1. Of all the residues that make up region 105-138, how many are open to solvent by 40 Å² or more (accessible area, probe 1.4 Å), out of contact with any helix residue (DSSP H, G or I) (no Cβ under 7 Å at 6 or more places or on another chain) and in a helix (DSSP H, G or I)?
2. Quick test for you: out of Lys172, Lys145, pick the one residue that is among the basic types (Lys, Arg) and farther than 29 Å from Ala259 by Cβ.
3. Could you run through region 425-448 and say how many residues are surrounded by 17 or more Cβ atoms within 10 Å (Cβ to Cβ) and of a type in the set (Phe, Trp, Tyr)?
4. For region 246-255, indicate whether the set of residues that are at pLDDT 80 or above, in a helix (DSSP H, G or I), among the acidic types (Asp, Glu) and open to solvent by 40 Å² or more (accessible area, probe 1.4 Å) is non-empty.
5. Of everything in region 389-424, what is within 29 Å of the chain's Cα centre (by Cα), open to solvent by 30 Å² or more (accessible area, probe 1.4 Å) and among the hydroxyl-bearing types (Ser, Thr, Tyr)? Give them in sequence order.
6. Filter region 327-349 for residues that are farther than 30 Å from Gly538 by Cβ, among the hydrophobic types (A, V, I, L, M, F, W, C) and open to solvent by 10 Å² or more (accessible area, probe 1.4 Å); which is modelled with the lowest pLDDT?
7. Say whether the condition of being among the basic types (Lys, Arg), surrounded by fewer than 17 Cβ atoms within 10 Å (Cβ to Cβ) and over 30 Å from Ala554 (Cα atoms) is met by at least one residue in region 477-492.
8. Residues that are open to solvent by 10 Å² or more (accessible area, probe 1.4 Å), farther than 30 Å from Thr292 by Cβ and in contact (Cβ under 8 Å) with a residue 12 or more places away in the chain: does region 155-177 have at least one?
Amino acid sequence: MAYNSYKDDEKTTIEAGKMKTLLRLFSYMLHYSGQIFIVLLIMAFCVFVSLLNPLIIEAAIDRHISTGDIRGLFSLIGLAIALNVLMILGIKLRMWIMAKVCNSVLLTIRQQLYTHIQTLDFNFFDSRPTGKILARIIGDINSLKDVLSNCVTTLIPDFITICAVVGIMFAKDATLAAASLISIPFMAICIWFIQVYSHKRWQLYRKKSSNLNAFVHEDLSGIRIIQSFTAEKETYQTFEELTSEHRDSFIHAVRLSDAFGAVVDFCWGVGTVSLYYTGIVILGADKVSVGTLIAFGSYISMFWHPIMNLSNFYNQIITNIAGAERIFEILDTKPQITDADEVTALPPVEGAVTFEDVSFSYDGSTKVLNHVNFRIKPGETIALVGPTGAGKTTIVNLISRFYDIQEGSIYIDDYDLKKVSIESLRKQMGVMTQDNFLFSGTIKDNIRYGKLDATDEEIIAAAKAVNAHDFIMKLEKGYDTELTERGGGLSIGQRQLLAFARTMVSDPRILILDEATSSIDTNTELLVQEGIEHLLEGRTSFVIAHRLSTIQKADRIFVVDDGRIIEEGNAQQLLAKKGFYYNLYMSQFKNVE
């Protein structure tokens, strides 16, 4: 397991501007404008009360305490208590509303991302480990919650508070206001410097997180292989290196981001010292009352506290904007295999398949298929044999249109595949591979996956047809037996039989068996072969097999080598030619009497 395969092998994230990404992210909240409007009203009231509190303190000191007006003081205190209780209740209400809105937005983004990923073609999944895709769907989306919530509950009210505080301070005393805000230029320079370098560090951290997630997912998926080859030590070393990189990238990023708080604290302290020095030493008590000085002390706290909140919010943006960029990168990825502008639904087909001068390359340069031509009659069973990498699986993948050809044309019943909808094509296809995936759920649900509206009778009939019914009934709960991921607890042969039943119930017009019996033992193969005959009956079938014993009854056998069909005929005809197939056959059966 190569460590380098997890060292930032994914493509560099598209550099969209941070503001553009944020605007796109926040646009999801427009669907909840009613709730946002209520939150804004509540926040307006809360900001008003917080701005009024220093003025109440100033009035209490200068107008009531200094004059001995106890009744007026208690009246003012009662008003302040009432307003602040309402403010606290308002804060609780706005937090509850925003929590609901943010969770709904995250649900929408996650659903959009998952739905979009399902539309992407094999090229997308071929180039990305599953763990990295999971990191986008789960971790990256979860990281956006605080950004969305604080945008409304922190950014807007704190910005308004800062502007209002500055206005009130300059209206009351411009000299004290200027003294209080003397450190702002220094803060602006520091913030500019930090934000330039912080974003890149958090992008790197997100990438390291994705690499670690991909490795863990693959490691756990292949744990049996790891233990079989006693490779635990090697994989642990890789894990340790990846976690070290993940930790170091986080420390590297957070060390710079945390400088925000230190800068704000320093500027806050300088502003406070400057305020009291100016008010007490320079101006003196005859020009600045005690109430005014205390009010300014409150206002300077009200100015720098939102600045601290905004710096923390900016930290969140820098931290999590890389996650948003990675999410939108996938949402902006266009599937390469799509329906043309004007396509028709493929009607129920007879099953004729035609390749006309078909060439194909995965990377755009090396041809995997080179000018392949053939025509299959409806109901024919075609076996594909040949060395590994010859192009057999590519041929059947092109019939299902999992990839698009670069040259030539493919027809089913004289319908060009590029001119019919992908859904109507694949609904009439049945594809079985060597490693058929079984989902968590009951056996019945896994078979029904081939036809979601299948009745219990159809499911049982399909299982019987491929000789899966007997072993299913021997299980404790029969068809209601719960399976774990990938069918844990079942033998390879049993999993294959269930996959046959799933394909059988879908009743495809064109059937593809790609090494579908290679993992089945000889005794199980005898059971499956009878089921396969039922499965092949009446439908066009393509069978890829290395075991030549499984394809002796095929109508035609295509021998594929180096992207071309070099021999064609039934088993007897090809043996008589004494060519490639003959040599392959003799190598498998020379020890069989």
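The values are calculated or read from the model by the stated rules, or taken from the named source; none is laboratory data. What you see is a predicted model; the values in this text were computed from it and never measured. Virtual Cβ from ideal backbone geometry, glycine too; neighbours counted across all protein chains shown. All accessible areas refer to the heavy atoms of the entire protein, side chains included, with ligands and DNA or RNA removed. Shrake-Rupley method; radii C 1.70, N 1.55, O 1.52, S 1.80 Å.
1. Of the residues in region 105-138, 10 are open to solvent by 40 Å² or more (accessible area, probe 1.4 Å), out of contact with any helix residue (DSSP H, G or I) (no Cβ under 7 Å at 6 or more places or on another chain) and in a helix (DSSP H, G or I).
2. Lys172
3. Within region 425-448, residues that are surrounded by 17 or more Cβ atoms within 10 Å (Cβ to Cβ) and of a type in the set (Phe, Trp, Tyr) number 0.
4. There is at least one residue in region 246-255 that is at pLDDT 80 or above, in a helix (DSSP H, G or I), among the acidic types (Asp, Glu) and open to solvent by 40 Å² or more (accessible area, probe 1.4 Å).
5. Correct list: Thr393 only.
6. This residue is Ala340.
7. Looking through region 477-492, at least one residue is among the basic types (Lys, Arg), surrounded by fewer than 17 Cβ atoms within 10 Å (Cβ to Cβ) and over 30 Å from Ala554 (Cα atoms).
8. yes
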